[in-house]
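The values are calculated or read from the model by the stated rules, or taken from the named source; none is laboratory data. In this text the structure is predicted, and so the values were computed from the model without any measurement. Using ideal geometry, Cβ is built from the backbone for each residue, glycine included, and neighbour counts are taken over all protein chains shown. Ligands, DNA and RNA are excluded from the accessible area calculation, which covers all protein heavy atoms including side chains. Shrake-Rupley method; radii C 1.70, N 1.55, O 1.52, S 1.80 Å.
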Amino acid sequence: MAEHFDVYLIWVPGHQDIPGNCIADELARRDTSSILLPDKEDFSMPRATCKLLLLNQSITKASTRWQNASVGRIARQAWPYIDKARTTALCRLSRNDCSMVVRSLTGHWLVGTHALRLNAPYNDFCRSCRDEEEEESTEHFFCFCPALSHRRLPI
């Protein structure tokens, strides 16, 4: 079936009188014990198993894409693998705080060379550690700046 159709799973809240939701619930209940293989009548898959398999497959696919991406070097250093707990914590931040975290992880923060590309005021050295040999960059702030090391430890 998947070879011939695009299948989309969409969550809708239950008990909200959404048209078609009651019918979909009934069909789902009926199909949790439907036969998967016509020639093997005793072989069926519970809905929870199907849901778990889909979740694992989507996480595996997303992880592979994340690991093989040609962009996002700094973000992958701070977030090397998909982590549900960290993602949930990020989503619970206020919009402003979440935006700051995402900008810093993606390097789209007005520091160093990114600020220069946008014709914004910038410094070509780190203002935190005042090392004129160190370029002011997201990577330097989060990974190497000695003046900010005390803030990195709790993270």
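Starting from the Cα gyration tensor of the stretch 78-154, take the square roots of the eigenvalues, sort them a ≥ b ≥ c, and report rounded, prolate or oblate (rounded when a/c is under 1.5, otherwise prolate if a/b is larger than b/c, else oblate).
Because a/c hits 1.5 or more and a/b fails to exceed b/c, the stretch 78-154 counts as oblate.
Over the C-alpha trace of the chain, radius of gyration and Dmax come out as 23.9, 73 angstrom.
So, with a 1.4 angstrom probe, what is the percent of accessible area on the chain that is carbon and sulfur? The partial results should precede the final answer.
On the way: 7560 of 13110 Å².
With neighbouring chains kept in place, the figure for the chain is 58 percent.
Kindly provide the helix-only [θ] at 222 nm of the chain, computed as the sum of -39,500 (n - 2.57) over DSSP H runs of four or more divided by all residues, to the nearest 500 deg cm²/dmol? Write down the numbers at each step before the final one.
Details: 7 runs with 69 residues, N = 155.
That calculation yields -13000 deg cm²/dmol at 222 nm.
In the context of the full set of protein chains, residues of the chain present 85 Å² of accessible surface per residue (probe radius 1.4 Å, heavy atoms only). Among the trypsin sites (Lys or Arg not before Pro) within the stretch 100-155, those in coil by DSSP and having at most 10 neighbouring Cβ atoms inside 10 Å are R130. For the stretch 91-130, treating each Cα as an identical point scatterer without solvent, what Debye log10 I(q)/I(0) comes out at q = 0.24, 0.26, 0.33, 0.34 1/Å? Ignoring solvent entirely, the Cα scatterers give -0.81, -0.86, -1.01, -1.03.
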